[in-house]
Structures are given as C-alpha cells and as structure tokens.
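Engineer: Just passing along the structure, written as structure tokens.
Readers should treat all values here as calculations from the given coordinates under stated rules, not as data from a laboratory. It should be emphasised that the depicted structure is a prediction, and the values quoted were computed from it without experimental measurement. Note: ideal-geometry Cβ built from the backbone for every residue, glycine included; neighbour counts use all protein chains shown.
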Amino acid sequence: MKTILLTGAAGGVGAFLRKEFKGIYNLRLSDIVPITDLSEGETFVPANLTDLDAVKAATDGVDGIFHLGGYSIEGDWQTILDANIIGLRNLYEAAYQTGVKRVVFASSNHAAGFYRRDNIIDHTAIPRPDSRYGVSKAFGEAMGALYADKYGLEVTCIRIGNVAMEPADKRRLSIWVTPRDLAQLVSIGLEHPKIHYEIFYGMSDNKQAWWDNSNALSFGYQPKDKNEQFFDEVLAAEPPKEDGDLTEIYQGGTFVASEAGGAPQKTR
Ligand code: 15L
C-alpha cells in the first residue's frame, strides 16, 4: 500500500478523507494541531508549514501528497502569507528536495470566484480570485505549474467547491462535492500515469453547475453523487435575493462581496 502525506489532516475535509482512504493508503497525517485518534495505517507528524525542515520531515519517504494544509478561508494578509504563500512554497520545495513526485493541491473555487455564474468555466480558465485566500490558491496553482514544468513534479490542482454530505444552500448546490467523489479525484491525481500538471474541479455530478469538469472526466473521474435529489428542498429553504446582489451573481458568493464589494462592470 502506498503511503500518502495528508497535510492539514486535523481539519474537517481531512477527517472526511481519512475515512475514505482507510485501507486504500497508509496515511501520514500532518498538522500544527496534534492528532491523537490514530487508526491502523495512520501516523502523525507535526509540521508548521512555515518551517521548511519540519515540512521536509513530513514529506520524506512518502509516495504522494495531498496538500490540504494552510488557512482555509479569507484571512488577514499575514495569516495568508505565512500559511498559504510561504507554506505552499515550502510544501512544493520539500516535495522536490525529498524526491516526492506526486502532489495533489487542494485549490479552491475562490481562486476563480470572480467569474459570473452564467459563465461556464473549465480547466483553462485563468484565476479570477475573490479574496486574499483566493489569491493564495491561485499562487498554489502557479507554483504547482512551476514545479511540474521546471522540476518534474506531477501536480494536480483541484479547485474544490464545498465538501459536505449534503449541499447547504443554493450556491453550494452547484459546487457541492461529497467526500467520496473528492477522494476519487485525489486518487486520480495520485495514481493516473499521465498526470503532468492538471486542473480539476472538485464537484460531484451537479446539475446547474457553472464548471465544465471535462478535464477530470477525461482522466476517468466518475462522480457517484448527484445534487439533483436536494434541489427542491434547498431552494425552498432559501429566501430570494435582491436583484444585483453580488453574492448571487458571482461564483464566489459572499467572498466576492466582503470588503470593497467587487467591481462587476470590470468582470465578465
Ligand atoms: C473554500 O475554499 C473554503 O475552504 C470552505 O470553507 C468554503 O468556504 C468553500 O470554499 C465554499 O466556497 O463554500
């Protein structure tokens, strides 16, 4: 069985994936928060992402990495800089220096949150971040391309929507991904022989989606879950928004409207 490093393993998505990967991979879990409830096949290595030596100790000897670590929502600049910019550089550099080729990066829909919802985007869509957090995810995608093209890593960036057992609201109906579908995408990134540098969207089989996930499908992704069954209930529970509400127009939802509030005339 391969050993996979799961960074940020103490978070909610980490907990989901630990269950999905049980018996499929040996997992080396890492986080700044200690994880004590280890199951068979799991070990824990503490690592602060700002400390390259600690990150190298975590990556050394694994067969692949799923990098979930970092700050997972909008934060102040220093927080994003440390966890998501310096941390990301350290992750790729540690992988390179310790000879780990396969890296799957948990990018986010917020790397492209300033696309409108009536604009269907695919893996070729350039980033349009909706936040400092989104910028850090775009940075992680760019670093992935650099380490793939220049240093020979094999990198998959998954622009993850919202990971949950059920979609929570109208926006998240369109970007919903179940833990098992996300795990399948991660496994493709870890295993598929033809990966060089790829971008996938982290979503299940969603109707009224604003992403064309044909790149993931071309690598064999077969989502098991469909958002269809939740439509009526979720939409009925959500009060209608006013015309022109930015959180309704743009893919990134509330992330686009926070702080300056966006400049819709300048975006497609
Ligand atoms: C993300 O990238 C976040 O990590 C998560 O907390 C959610 O905010 C999600 O996006 C979302 O867009 O719902």
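Engineer: Which shape class, rounded, prolate or oblate, goes with the range 124-205 when its Cα gyration tensor gives a ≥ b ≥ c as root eigenvalues, a/c under 1.5 marks rounded, and past that a/b bigger than b/c marks prolate? Write down the numbers at each step before the final one.
Structural biologist: Values: a/c = 2.89, a/b = 1.38, b/c = 2.09.
Verdict is oblate for the range 124-205.
Engineer: What percentages make up the Cα-Cα pair-distance distribution of the range 137-268 when the bins are 5 Å wide from 0?
Structural biologist: Bin by bin from 0 Å, the calculated values are 2, 10, 17, 18, 18, 14, 11, 6, 2, 1, 0.
Engineer: Okay, next question. Can you give the Rg to Rh ratio of the range 3-266, both from alpha-carbon atoms, with Rh computed by the Kirkwood formula? Walk me through the numbers before you get to the answer.
Structural biologist: Numbers: Rg = 17.8 Å, Rh = 18.6 Å.
The Rg/Rh ratio comes out at 0.96.
Engineer: Please compute the volume of the convex hull spanned by the alpha-carbon atoms of the range 4-68 and report it per residue in Å³.
Structural biologist: On the way: hull volume 4.7 nm³, N = 65.
Enclosed volume per residue, from the Cα hull, is 73 Å³.
Engineer: Post the alpha-carbon centroid distance, the range 116-187 to the range 3-22, in whole angstrom.
Structural biologist: With the range 116-187 and the range 3-22 each reduced to a Cα centre, they are spaced 17 Å.
Engineer: Restricting everything to alpha-carbon atoms, can you work out Rg to Rh for the range 77-214 with a Kirkwood hydrodynamic radius? All intermediate terms of the calculation are to be shown ahead of the outcome.
Structural biologist: On the way: Rg = 14.7 Å, Rh = 15.3 Å.
The Rg/Rh ratio comes out at 0.96.
Engineer: Still on this structure: Which of ASN109, ASN162, ASN26 moves the most in a Gaussian network model of the chain with Cα springs under 10 Å?
Structural biologist: Of ASN109, ASN162, ASN26, the Gaussian network model singles out ASN26 as fluctuating most.
Engineer: Can you give the charge dipole size of the range 87-225 about its Cα centre, rounded to the nearest 20 debye, using +1 on the beta carbon of Lys and Arg and -1 on the beta carbon of Asp and Glu?
Structural biologist: That gives a dipole near 260 debye.
Engineer: A follow-up question, please. Can you give the calculated 222 nm mean residue ellipticity of the chain, where each DSSP H run of n ≥ 4 adds -39,500 (n - 2.57) and the sum is split over every residue, rounded to the nearest 500 deg cm²/dmol? Write down the numbers at each step before the final one.
Structural biologist: Numbers: 11 runs with 91 residues, N = 268.
The helix-only estimate for the chain comes to -9000 deg cm²/dmol at 222 nm.
Engineer: With the cut-off at 15 Å, report for the range 52-123 the share of all Cα pairs above it, as a whole percent. Numbers along the way, then the final one.
Structural biologist: Details: 1533 of 2556 pairs.
The proportion of pairs with Cα distances above 15 Å equals 60 percent.
Engineer: Moving on to the next point. Counting DSSP beta bridges with both partners in the chain, what percentage is antiparallel, nearest 5? Spell out each step's value before the answer.
Structural biologist: On the way: 1 of 36 bridges.
Antiparallel bridges make up about 5 percent of those DSSP assigns within the chain.
Engineer: Principal axes first, then extents: for the Cα atoms of the range 1-133, list largest minus smallest coordinate on each axis, whole Å, largest first.
Structural biologist: So the three principal-axis extents are 46, 30, 27 Å.
Engineer: How do SER136, SER30 line up, fewest other C-beta atoms within 10 Å first?
Structural biologist: Details: SER136 26, SER30 29.
If I rank by nearby Cβ atoms, fewest first, I get SER136, SER30.
Engineer: Compute the relative contact order of the range 3-266 as a whole-number percentage, counting only Cα pairs closer than 8 Å that sit 6 or more residues apart in sequence.
Structural biologist: Numbers: 558 pairs, mean separation 44.3, N = 264.
In percent, rounded to a whole number, it is 17.
Engineer: Can you find, among THR79, LEU49, ALA10, the residue sitting farthest towards the positive end of the charge dipole of the chain, where Lys and Arg contribute +1 and Asp and Glu -1 at Cβ?
Structural biologist: Of the options given, the answer is LEU49.
Engineer: Now for a separate question. Cut-off 10 angstrom, C-alpha nodes, Gaussian network model of the chain. Which of PRO240, PRO167, PRO223 fluctuates the most?
Structural biologist: The residue that fluctuates most here is PRO240.
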